[in-house]
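The values are calculated or read from the model by the stated rules, or taken from the named source; none is laboratory data. The shown structure was predicted, so the numbers you read here are calculated from the model rather than taken from an experiment. Every residue, glycine among them, receives a Cβ derived from its backbone with ideal geometry; neighbour counts consider all protein chains shown. Protein only, heavy atoms only, side chains kept; ligands, DNA and RNA dropped before computing areas. Shrake-Rupley method; radii C 1.70, N 1.55, O 1.52, S 1.80 Å.
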Amino acid sequence: MLDRFNFSGVVEFLPQLMTGLYYTLLISVVGLLIGFVLGAIFGLGRISRIKIIYWISSVYIEVLRGTPVLVQAIWIFYALPLIIYYNFDSVTAGIIVIALNSGAYIAEIVRGAVVSIEKGQMEAGRSLGLNHRQTMRHIIWPQAFKRMIPPLGNQFIISIKDTSLLSVILVPELIFQGRLIAANHFNAVEIYTTVAVFYLAITLTLSFVLSIVERRLDV
């Protein structure tokens with residue numbers, strides 16, 4: 001039955017698929033780096049004793065976690081420009097979507113990791129003459145970061161797969177390129193199978209790297 005499909009013909013379309021892979025990785029890496037910064041800020045804001053910071057962080061986290069990535073992408077690309085009178089190109093919009101969405105989930109990872117550290121650690125830091133900020137930086141954060149690594153790895157993989165939804169706003173990533181090729185050449189089985197293999201290769205590679213990092217840090 002498989003002899004009906006010409007997988008060798010996929011080689012012809014590899015340059016186009018590699019372009020899609022480039023944009024998938026670009027949006028994932030840049031978006032996740034920004035998302036980690038946002039997650040750290042709002043995650044710590046979620047445990048802040050300053051009410052305004054706590055509420056701003058809470059609203060950000062709940063709104064972004066409570067709406068689908070697809071809806072966020074459509075809103076940022078099509079609706080937001082009508083409010084701010086500025087149009088984003090599709091790649092920039094994609095990065096914003098991944099950054100904001102992953103940041104909300106990373107914020108909860110950060111919050112959970114920090115509050116899981118025993119309260120005695122903070123008291124020990126204060127007894128050594130460190131203020132709250134210094135104790136967080138030198139004692140609490142290094143321990144919390146180790147505990148973040150496994151869930152951060154899972155979030156990174158989820159966010160990479162979420163980039164496939166960005167084809168709806170015309171981001172030229174893997175799914176977008178695959179759809180173009182399949183529509184023009186009627187080889188959906190070959191192309192979509194190849195796209196799936198690309199995603200699998202990315203996630204397996206990331207999982208392997210994360211397992212090494214976990215062993216090195218003795219998580």
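Conditions tested, residue by residue: (1) farther than 26 Å from F198 by Cα; (2) out of contact with any Gly (no Cβ under 7 Å at 6 or more places or on another chain); (3) open to solvent by 40 Å² or more (accessible area, probe 1.4 Å); (4) among the hydrophobic types (A, V, I, L, M, F, W, C).
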{"position": "A99", "(1), (2), (3), (4)": "no, no, no, yes"}
{"position": "I106", "(1), (2), (3), (4)": "no, no, no, yes"}
{"position": "Q155", "(1), (2), (3), (4)": "no, yes, no, no"}
{"position": "L180", "(1), (2), (3), (4)": "no, yes, yes, yes"}
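Output yes when any residue across segment 40-48 is polar (S, T, N, Q) and open to solvent by 50 Å² or more (accessible area, probe 1.4 Å), and no when none is.
Restricting attention to segment 40-48, the residues satisfying the condition of being polar (S, T, N, Q) are 48.
Those still in the list that are open to solvent by 50 Å² or more (accessible area, probe 1.4 Å) too: none.
The answer is no; no qualifying residue exists.
Residue pairs whose Cβ atoms lie under 9 Å apart, sitting 6 or more positions apart in sequence or on different chains, and linking a residue in segment 55-67 that is farther than 16 Å from V37 by Cβ to a partner that is open to solvent by 50 Å² or more (accessible area, probe 1.4 Å) and aromatic (F, W, Y), are R65/Y105; T67/W75.
Here V189, V171, V195 are screened, and the one residue that is open to solvent by 20 Å² or more (accessible area, probe 1.4 Å) and among the hydrophobic types (A, V, I, L, M, F, W, C) is V189. Restricted to segment 1-115, the set of helices (runs of 4 or more DSSP H) holding at least 3 residues that are over 28 Å from N184 (Cβ atoms) and within 17 Å of the chain's Cα centre (by Cα) comprises 14-45, 51-65, 90-115.
Scanning for something more than 20 Å from L165 (Cβ to Cβ), in contact (Cβ under 8 Å) with a residue 60 or more places away in the chain and not hydrophobic (A, V, I, L, M, F, W, C), does segment 2-12 turn up at least one residue?
Yes: one or more hits.
Farther than 27 Å from K146 by Cα, touching a residue at least 12 places away in the same chain (Cβ under 8 Å), hydroxyl-bearing (S, T, Y) and crowded, with 18+ Cβ neighbours inside 10 Å: does that describe Y23? Don't jump to the end; show me each part of the working.
On the way: farther than 27 Å from K146 by Cα: yes; touching a residue at least 12 places away in the same chain (Cβ under 8 Å): yes; hydroxyl-bearing (S, T, Y): yes; crowded, with 18+ Cβ neighbours inside 10 Å: yes.
So Y23 passes the test.
If I filter segment 2-11 for residues that are among the acidic types (D, E), more than 21 Å from G178 (Cβ to Cβ) and at pLDDT 95 or above, do I get at least one hit? Looking through segment 2-11, none of the residues is among the acidic types (D, E), more than 21 Å from G178 (Cβ to Cβ) and at pLDDT 95 or above. Restricting the first member to segment 134-147 and to residues that are over 15 Å from V115 (Cβ atoms) and among the acidic types (D, E), and the second to residues that are open to solvent by less than 60 Å² (accessible area, probe 1.4 Å) and in a helix (DSSP H, G or I), no beta-carbon pair is closer than 7 Å while six or more apart or on different chains. Restricting the search to segment 116-128, which residues are open to solvent by 60 Å² or more (accessible area, probe 1.4 Å) and not in a helix (DSSP H, G or I)? Passing the criteria: E118, L128.
Condition test on L204, is it at pLDDT 90 or above and farther than 20 Å from G112 by Cβ?
Numbers: at pLDDT 90 or above: yes; farther than 20 Å from G112 by Cβ: yes.
Taking the combined requirement at face value, the residue satisfies it.
Pairs are defined by a Cβ separation below 8 Å, a sequence spacing of at least 6 or placement on different chains, a first member in segment 109-132 that is over 17 Å from R46 (Cβ atoms), and a second member that is modelled with pLDDT of 75 or more and surrounded by fewer than 16 Cβ atoms within 10 Å (Cβ to Cβ); the pairs so defined are Q121/Q143; G125/Q134; G125/H138; L130/H138.
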